[in-house]
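> One structure, as structure tokens, below. Some questions next.
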Amino acid sequence: MPEFLTLDDVDVNNKTVLLRIDINVPYDEKTGEISDSDRLREHAKTVKELSDKGAKLVILAHQGRAGDPDFIHLDQHAKLLERHVGKEINFVDDVVGEKAKMKIKSLGSGQILLLDNVRFLEDETTEKSPEEHTESQIVKNLSPLADIFVNDAFSVAHRSQASVVGFTPLLLSCAGRNMADEVGSLEGIFATMRMSKHDTFVVGGAKPQEPLDVISHIMKKGTVEKVLTGGIIGNLFLMAKGYNLGAPEDYIKKKNWVEFLSQAEELIKKYDDKIETPVDLAIDFNGIRKEIPVEDLPTDHDVLDIGSETIEKYGKIIKESITVGVKGPVGKYEDEKFGVGTKKILETVGESHAISLIGGGHTLNAVDIYNIDKTKFTHVSLGGGSLIRFLSGKPMPAIEALKKAAKR
Ligand code: 3PG
């Protein structure tokens, strides 16, 4: 039994409901367009259910981080979400101003309004307790207009941010369908992972902090047997093993990731036999995919994928596994030439007999692009950072806040 309330415990008819979802999706800088995603498809179910039950529905969401190219308005999201829900979704380019408040007050039963990017508010992303966040702009302005808070955003549940936790001390609060399903499924899979010795975790992607934390945690606990690295994480571990990558190191140096490199070095020192790094790499050789063994490093070209030998080696380990988790692509999957590794790894996981768990915004995007059959995985999580935080056993602020609210 979940320790928080769910949609089955609340009557939303004619009530103003604030629904936090996570529709942070890949954005193409060149075209200025966002991609469709499972995040939109899955949250659409909760949106539809609440609207069908007569809620006056106000949706809160974010896109990107301040300063990044994908830090944009949510008008495109409204259109895509509308298509998935099959009902009109109004969008207002405001979050807490008079325009937004007027729209909220004029909502009728079953009507749906998406507010603009909540991260446009300066105090949204400050990590604070739920009680402290009751003073944040979004909570101060919107809680007097609302009756119920529903959090459906598992993928942002690792953040103690205003729109994620701040309403829970003030409003009747519960988990949406996606949040409740994710927590239930992941608890089940996590219990199996802790029992089995043949467990594997494939870690790729471009954000090192949380993956490094989770590798450290699962290694200490002995939860998994093998960690297979790729993407930027793979590069970091190759450097930690003493390889001089050449030009690709510039990216890591530019980001000032010295601290992550020393974390990777510490991990390699302790768990060298369990952390696998690529044995060959695909480089961008003037627009052509060229594979080189790691012995041929350094290179003057960008490393954009794992090579065929690595794909085969990792594939063998995956096929022998009892549970497999995948977080993050192992290459620049958006470019077909360098999506080979990500595609093959995901297909192998899907075809294996292992209990499988995949997650992360870009992993889901790769599954879509390469038409990989999602039904072959035991669980597809909408979470990226939140999924690995969950797997690292650390408390999840949004879930803790919902549990506390249920006791009030
Ligand atoms: C994600 O894409 O993992 C979530 O939307 C959280 O985004 P963040 O890492 O910018 O907080």
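Every read-out reported here was derived from the displayed coordinates using simple, explicitly stated rules and does not represent laboratory data. Fair warning: this is a prediction, and the values are worked out from it, not measured in the lab. Please note: Cβ atoms are built from the backbone with ideal geometry, for glycine as well, and neighbour counts cover all protein chains shown.
> Where both partners of a DSSP beta bridge lie in region 182-377, what percent of those bridges are antiparallel, to the nearest 5? Write down the numbers at each step before the final one.
On the way: 9 of 26 bridges.
The antiparallel proportion sits near 35 percent.
> So how tilted is helix 38-52 from the main axis of the chain? Cα-based, degrees 0 to 90, rounded to 10.
So the helix axis and the longest Cα principal axis differ by about 20 degrees.
> To continue, here is another question. Using 0.36 nm per residue of separation minus the Cα-Cα distance, give me the extension gain between residue 302 and residue 9 in nm, one decimal.
Working: separation 293, 0.36 × 293 = 105.48 nm, distance 5.25 nm.
Gain on stretching residue 302 to residue 9: 100.2 nm.
> Write down the radius of gyration of region 293-408 and its Dmax, each obtained from C-alpha positions, in Å.
Rg and Dmax of region 293-408, Cα atoms, are 16.9, 62 Å.
> Something else about it: Lys/Arg Cβ at +1, Asp/Glu Cβ at -1, dipole of region 182-377 taken about the Cα centre: which of 223, 248, 325 is farthest positive-ward?
Projecting each Cα onto the dipole axis, the largest value belongs to 223.
> Can you tally the net charge around residue 280? Count Lys and Arg as +1, Asp and Glu as -1, for every other residue whose Cβ sits under 14 Å from the Cβ of residue 280. Spell out each step's value before the answer.
Numbers: positive: 289, 290, 313, 344; negative: 276, 291, 295, 296, 305, 309, 312.
Result for the neighbourhood of residue 280: -3.
> Starting from the Kirkwood radius over alpha-carbon pairs of region 15-167, derive D by Stokes-Einstein at 25 °C in a medium of 0.890 mPa s and give it in µm² s⁻¹.
Details: Rh = 15.3 Å.
Taking Rh from Cα pairs, D becomes 160 µm²/s.
> Read phi for every residue in region 303-314 and hand back ³J(HN,Hα) as whole Hz from Karplus 6.51 cos²θ - 1.76 cosθ + 1.60, θ = phi - 60°, with x for Gly and Pro.
So the J values, rounded to whole Hz, are 8, 10, 6, 7, x, 5, 4, 5, 4, 5, 4, 5.
> Moving on. Which value, in debye to the nearest 20, describes the size of the charge dipole of region 182-377 about its Cα centre when Lys and Arg Cβ atoms bear +1, Asp and Glu Cβ atoms bear -1, and nothing else is charged?
On the way: 25 positive and 32 negative charges, 108 e Å.
The dipole of region 182-377 has a size of about 520 debye.
> Could you tell me what percent of the DSSP beta bridges with both partners in the chain are antiparallel, to the nearest 5?
Working: 11 of 50 bridges.
Percentage antiparallel, nearest 5: 20.
> Calculate one ³J(HN,Hα) per residue across region 109-124 by plugging θ = phi - 60° into the Karplus curve 6.51 cos²θ - 1.76 cosθ + 1.60, and present them in order as whole Hz with x for glycine and proline.
4, x, 7, 10, 10, 9, 7, 6, 3, 5, 6, 5, 7, 4, 8, 4
> Taking amide H atoms as placed 1.01 Å from N in the peptide plane, list the residues 5 or more away in sequence, or in a different chain, whose amide H sits under 5 Å from that of residue 202.
Residues meeting the criterion, in which the H sits 1.01 Å from N, are 228, 325, 326, 327.
> Something else: Amide H of residue 6 versus every other amide H placed in the peptide plane: which residues, excluding those fewer than 5 positions away on the same chain, fall under 5 Å?
Counting only residues 5 or more places away or on other chains, the set is 175.
> While we're here: Bin width 5 Å, origin at 0, all Cα-Cα pairs of region 157-248: what percent of pairs per bin?
That works out to 3, 10, 14, 17, 16, 14, 11, 8, 4, 2, 1, 0, in percent per bin.
> Quick one: what Rg and Dmax do you get for region 277-342 from the alpha carbons, in Å?
Values for region 277-342 (Cα only, Rg and Dmax): 12.4, 40 Å.
> Please pull out the direction-averaged projected area of region 245-361, using the convex hull of its alpha-carbon atoms, in nm² to one decimal place.
Working: hull surface 32.1 nm².
Orientation-averaged projected area of the Cα hull: 8.0 nm².
> Along the Cα→Cβ direction, 7 angstrom out, place labels at residue 126 and residue 295. What is the inter-label distance in nm?
It works out to 5.7 nm between the two label points.
> Please compute the volume of the convex hull spanned by the alpha-carbon atoms of region 88-131 and report it per residue in Å³.
Taking the convex hull of the Cα positions in region 88-131, it is 104 Å³ per residue.
> Here's something else I'd like to know. Too long at a 24 Å Cα-Cα cut-off: which of 15/48; 255/374; 226/343; 290/376; 128/207?
Table pairs above 24 Å Cα-Cα are 255/374; 290/376.
> Compute the relative contact order of the chain as a whole-number percentage, counting only Cα pairs closer than 8 Å that sit 6 or more residues apart in sequence. Display every interim value, and only then the final one.
Values: 849 pairs, mean separation 68.1, N = 408.
Worked out over the chain, it gives 17 percent.
> Taking a temperature of 4 °C and a viscosity of 1.567 mPa s, what whole-number D in µm²/s does Stokes-Einstein yield for the chain with Rh from Kirkwood over alpha carbon pairs? List each step's numbers first, then the result.
Working: Rh = 22.0 Å.
The Stokes-Einstein estimate is 59 µm²/s.
> Using only C-alpha positions, report the orientation-averaged shadow area of the convex hull of region 194-272, nm², one decimal. List each step's numbers first, then the result.
Details: hull surface 19.4 nm².
Projected over every direction and averaged, the Cα hull of region 194-272 covers 4.8 nm².
> Assigning unit charges at the beta carbon (Lys, Arg +1; Asp, Glu -1) and nothing else, what dipole magnitude in debye, to the nearest 20, does the chain show about its Cα centre? Write out the running numbers ahead of the final one.
Details: 53 positive and 65 negative charges, 222 e Å.
It works out to roughly 1060 debye.
> Please work out the Kirkwood hydrodynamic radius for region 182-377, using every pair of different C-alpha atoms, and report it in angstroms with one decimal place.
Values: mean 1/r = 0.0599 Å⁻¹.
That comes to 16.7 Å for region 182-377.
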